[in-house]
Amino acid sequence: MLAPLRQAAAQHPLDEGLQAGLIELLAATGQQAEALAVYRTVRARLADDLAVDPGPELCAAQESVLRRTVSRSVPSHRADAAVSDNETGTPGPASQDRRPSSP
């Protein structure tokens, strides 16, 4: 699926919908850096050739890649620990934080 989409994108470099699809597919296959490189290339070409900014579809594809990259690189340790602890039956961090109040 990726090879035909790359070929079509190369033949139609200003087709924002096609480029957005390529960006999303690259990101979905773990190629976030290449997906962002495609966005930068298309953005520059739109500016140079047509003097326009990327449209909503292309911007949404880029934002999707950025969100996906951030969510994978910044794990929620507290949430992960709570889930792991609950699966083993031991108290999670939230229950360990609760101490009896002093009179």
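Across region 37-82, which residue is nearest to Leu14 (Cα to Cα) among those that are open to solvent by 80 Å² or more (accessible area, probe 1.4 Å), at pLDDT below 95 and of a type in the set (A, V, I, L, M, F, W, C)? That would be Val70.
Checking the condition touching a Ser or Thr at 6+ places or on another chain (Cβ under 9 Å) and more than 15 Å from Leu5 (Cα to Cα), which residue from Leu50, Leu36, Leu66, Leu46 passes? Give the derivation first.
Numbers: Leu50 fails: touching a Ser or Thr at 6+ places or on another chain (Cβ under 9 Å); Leu66 fails: touching a Ser or Thr at 6+ places or on another chain (Cβ under 9 Å); Leu46 fails: touching a Ser or Thr at 6+ places or on another chain (Cβ under 9 Å).
Sole residue among the options that is touching a Ser or Thr at 6+ places or on another chain (Cβ under 9 Å) and more than 15 Å from Leu5 (Cα to Cα): Leu36.
The values are calculated or read from the model by the stated rules, or taken from the named source; none is laboratory data. These figures come from a predicted structure and were not determined experimentally. All Cβ positions, even for glycine, are placed from backbone atoms using ideal geometry, and neighbour counts span all protein chains on display. Protein only, heavy atoms only, side chains kept; ligands, DNA and RNA dropped before computing areas. Shrake-Rupley method; radii C 1.70, N 1.55, O 1.52, S 1.80 Å.
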